[in-house]
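K.L.:
Structure below; questions to follow.
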Amino acid sequence: MAYFPEVADRVQYEGPSSRNPLAFKHYEADRVVAGKAMKDWFRFAVAYWHTFKGTGQDPFGAPTMVREWEAAEDPLVRAHHTMDAAFEFFTKLGVEYWCFHDRDIAPEGTTFAESAHNLATIVAYAKEKQAETGVKLLWGTANLFSNPRYQAGAATNPDPHVYAYAAAQVKHALDATHALGGEGYTFWGGREGYDTLLNTKMQQEREQFARLLHQAVAYKKEIGFEGQFYIEPKPKEPTKHQYDSDVAACLNFLREFDLMDHLKLNIETNHATLAGHTMVHELRSAREAGALGSIDANAGDELLGWDTDQFPTSIYLTSEIMIELIRMGGFTTGGLNFDAKVRRQSHDTADLFFAHIGGMDAFARGLIIADRILTDGRLDAEVDERYAGWQGEFGQSVLSDGSSLADAEAYVLTHGEPTRRSGRQEKLESLINEFL
Ligand code: XLS
Ligand code: NI
Ligand code: NI
């Protein structure tokens with residue numbers, strides 16, 4: 001049976017003049033841009049939780065999305081139908097990857113053993129589906145935040161019994177990811193933070209979180225899982241303060257607990273903006289630390305202060321992201337995971353296509369624009385010129401070991417007052433607009 005009748009076979013590329021909302025206008029999987037096929041630059045993934053399990057429920061109202069794949073009574077049957085729908089969608093959309101939480105794909109049972117059994121059953125089914133379609137797993141993860149047992153955090157819980165539950169769940173989620181040939185595994189600290197410091201031992205909780213990650217690193221070796229581990233920064237929501245609040249906080253955490261060799265960052269646009277940063281700031285911070293692993297592609301709403309997880313449509317944003325990605329040379333294990341959900345009123349299955357097609361087209365345009373900006377070279381030339389002094393004799397001597405404050409004083413006494421230079425911000429902003 002077809003859950004997505006609006007697309008008969010596969011979404012086609014019809015070019016920029018097409019008026020068909022169910023066709024790509026810019027994303028051409030095999031088109032080579034900046035030395036690589038578009039599909040290899042992006043490695044697009046669909047997020048199971050939003051796209052197949054999202055209901056449109058909000059704090060003010062009931063679910064708006066009634067999905068045929070959720071119709072069966074038995075939760076395991078429902079899970080199989082959802083997997084069918086998912087692989088139909090991936091194939092029709094033409095993406096190569098998907099991402100999931102353990103509890104998205106398999107229902108939680110009444111005991112831990114039953115949950116583990118459900119997960120293993122569905123993983124076996126997903127494995128068949130992957131083999132049939134060639135669709136691969138970008139990353140897996142464990143949902144350590146929905147069940148009430150995790151109300152005060154998972155690894156960072158004040159109760160070691162809850163820690164044990166979380167760690168056991170991670171063990172099985174790693175097995176599932178490994179069984180499906182996952183290229184990565186993500187740790188997003190769902191409730192790893194605090195609501196009030198009045199009841200919180202902050203450093204103790206951070207140490208607990210690091211313990212879980214070290215145990216996961218050890219287990220990964222034990223089972224021979226070679227995928228990349230990621231940590232995903234987010235400043236708040238659901239807790240008031242999350243320990244992995246932004247890229248800088250994550251890097252500090254990884255360095256403090258000797259985890260830099262084992263984890264890279266999975267950076268999400270809406271989390272960057274919630275942290276009071278731009279997405280480019282977060283990407284740049286991670287890339288320059290050699291720790292940019294993967295991207296959760298979405299967008300927030302400028303006027304709303306929470307994680308709205310909208311589909312990315314701004315060409316300015318996708319161009320900026322692609323400049324950073326091209327500079328990095330592209331992903332190795334990571335990809336662009338649409339951690340994004342359609343709005344509550346967009347409850348038709350066709351809306352899921354419109355959203356993903358729009359996001360993929362926005363990134364395709366971003367890639368083409370970014371490539372033109374970098375090939376043009378004026379942007380880089382301006383920046384290089386701004387820092388040119390550091391290539392000179394004195395600049396180089398400062399950067400090498402051994403130069404002193406007294407050397408600096410001698411330089412000033414000889415050269416007098418520095419000449420101020422314009423930062424040329426408006427010129428550069430207009431330069432970028434030439435390409436949009
Ligand atoms: C929530 C996070 C979540 C992670 C995976 O805000 O973005 O979806 O990506 O647990
Ligand atoms: Ni995310
Ligand atoms: Ni998010």
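K.L.:
Scan the range 250-259 and tell me whether some residue there is in a strand (DSSP E or B) and either among the charged types (D, E, K, R) or closer than 20 Å to A362 by Cβ (or both).
P.N.:
No, the range 250-259 contains no residue that is in a strand (DSSP E or B) and either among the charged types (D, E, K, R) or closer than 20 Å to A362 by Cβ (or both).
K.L.:
Can you find a residue that is within 19 Å of A142 (Cβ to Cβ), of a type in the set (K, R) and away from ligand 1 (no atom under 11 Å from the Cβ) anywhere in the range 252-267?
P.N.:
Looking through the range 252-267, at least one residue is within 19 Å of A142 (Cβ to Cβ), of a type in the set (K, R) and away from ligand 1 (no atom under 11 Å from the Cβ).
K.L.:
G359 passes all but one of (1) more than 16 Å from ligand 3 (Cβ to nearest atom); (2) surrounded by 22 or more Cβ atoms within 10 Å (Cβ to Cβ); which number fails?
P.N.:
(1)
K.L.:
If you don't mind, another one. Within the range 420-428, identify whether any single residue is hydrophobic (A, V, I, L, M, F, W, C), under 30 Å from V32 (Cβ atoms) and surrounded by 10 or more Cβ atoms within 10 Å (Cβ to Cβ), and answer yes or no.
P.N.:
yes
Rundown of residues vs (1) within 16 Å of ligand 2 (Cβ to nearest atom); (2) touching a residue at least 60 places away in the same chain (Cβ under 8 Å), yes/no style:
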| residue | (1), (2) |
| --- | --- |
| M202 | no, no |
| E207 | no, no |
| L212 | no, no |
| I223 | no, no |
| Y230 | yes, yes |
| D246 | yes, no |
| L251 | no, no |
| L254 | no, no |
| T273 | yes, no |
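K.L.:
Hey, could you check the range 238-249 for residues that are closer than 18 Å to A152 by Cβ and in contact with a helix residue (DSSP H, G or I) (Cβ under 6 Å, 6 or more places away or on another chain) and say which is surrounded by the most Cβ atoms within 10 Å (Cβ to Cβ)?
P.N.:
Only one residue fits best here, namely D244.
K.L.:
Restricting the range 320-332 to residues that are assigned to a helix (DSSP H, G or I) and in contact with a Ser or Thr (Cβ under 9 Å, 6 or more places away or on another chain), which is surrounded by the most Cβ atoms within 10 Å (Cβ to Cβ)?
P.N.:
I321
K.L.:
If you scan the range 180-237, which residues turn out to be among the β-branched types (V, I, T), exposed (fewer than 15 other Cβ atoms within 10 Å of the Cβ) and over 21 Å from H262 (Cβ atoms)?
P.N.:
The one that is among the β-branched types (V, I, T), exposed (fewer than 15 other Cβ atoms within 10 Å of the Cβ) and over 21 Å from H262 (Cβ atoms): T196.
K.L.:
Got a sec? Which helices (runs of 4 or more DSSP H) wholly within the range 1-118 have at least 1 residues that are hydroxyl-bearing (S, T, Y) and surrounded by 14 or more Cβ atoms within 10 Å (Cβ to Cβ)?
P.N.:
48-53, 75-93
K.L.:
Has the range 291-303 got any residue that is of a type in the set (S, T, Y) and either free of Cβ contacts under 8 Å to residues at least 12 places away in the same chain or closer than 29 Å to K240 by Cβ (or both)?
P.N.:
Yes: the range 291-303 contains one or more residues that are of a type in the set (S, T, Y) and either free of Cβ contacts under 8 Å to residues at least 12 places away in the same chain or closer than 29 Å to K240 by Cβ (or both).
K.L.:
Take the range 385-419 and flag every residue that is exposed (fewer than 12 other Cβ atoms within 10 Å of the Cβ) and among the charged types (D, E, K, R).
P.N.:
Selection gives E385, E393, D401, E409, E417.
K.L.:
Right, next: Counting only residues that are surrounded by fewer than 21 Cβ atoms within 10 Å (Cβ to Cβ) and not aliphatic (A, V, I, L, M), which one in the range 308-319 is farthest from ligand 2 (Cβ to nearest atom)?
P.N.:
It comes out as Y316.
K.L.:
Let me ask something else about it. Which residue, of A45, A34, is within 16 Å of ligand 2 (Cβ to nearest atom) and either at pLDDT 95 or above or among the basic types (K, R) (or both)?
P.N.:
It is A45.
K.L.:
Is it the case that some residue within the range 191-198 is within 16 Å of ligand 2 (Cβ to nearest atom) and out of contact with any helix residue (DSSP H, G or I) (no Cβ under 7 Å at 6 or more places or on another chain)?
P.N.:
Taking every residue of the range 191-198 in turn, at least one turns out to be within 16 Å of ligand 2 (Cβ to nearest atom) and out of contact with any helix residue (DSSP H, G or I) (no Cβ under 7 Å at 6 or more places or on another chain).
K.L.:
If you scan the range 296-313, which residues turn out to be in contact with a strand residue (DSSP E or B) (Cβ under 9 Å, 6 or more places away or on another chain) and in a loop (DSSP other than H, G, I, E, B)?
P.N.:
Within the range 296-313, A297, N298, G300, D301, D307, T308, D309, F311, P312, T313 qualify.
K.L.:
Give the range 295-311 a look and list any residue that's of a type in the set (D, E, K, R) and near ligand 3 (Cβ under 9 Å from one of its atoms), or say none.
P.N.:
D296, D307, D309
K.L.:
Another one. Could you give me the residue pairs with C-beta distances under 7 Å whose first residue belongs to the range 21-48 and is within 22 Å of C99 (Cα to Cα), whose second residue is within 16 Å of ligand 1 (Cβ to nearest atom) and of a type in the set (S, T, Y) wherever it lies, and which are 6+ apart or on separate chains?
P.N.:
R43/Y97; F44/Y97; A45/Y97
K.L.:
Something else about it: With the requirement that a residue be within 16 Å of ligand 3 (Cβ to nearest atom) and of a type in the set (F, W, Y), what does the range 312-349 give you?
P.N.:
Across the range 312-349, the qualifying residue is only F338.
K.L.:
Can you find, within the range 91-119, the residue that is nearest to ligand 1 (Cβ to nearest atom) among those that are over 18 Å from I357 (Cα atoms) and among the polar types (S, T, N, Q)?
P.N.:
Selected residue: S115.
K.L.:
Sticking with this one: Given the range 333-436, what helices (runs of 4 or more DSSP H) lie entirely inside it while holding 2 or more residues that are of a type in the set (D, E)?
P.N.:
Qualifying helices (runs of 4 or more DSSP H): 349-376, 378-386, 405-415, 425-433.
K.L.:
Just give me the residues in the range 227-279 being away from ligand 3 (no atom under 15 Å from the Cβ) and among the β-branched types (V, I, T), in sequence order.
P.N.:
Within the range 227-279, just T278 meets the criteria.
The values are calculated or read from the model by the stated rules, or taken from the named source; none is laboratory data. Here the structure is a predicted model, which is why all the values come from computation and not from measurement. Reconstructed Cβ throughout: ideal geometry from the backbone, glycine too, with neighbour counts over all protein chains shown.
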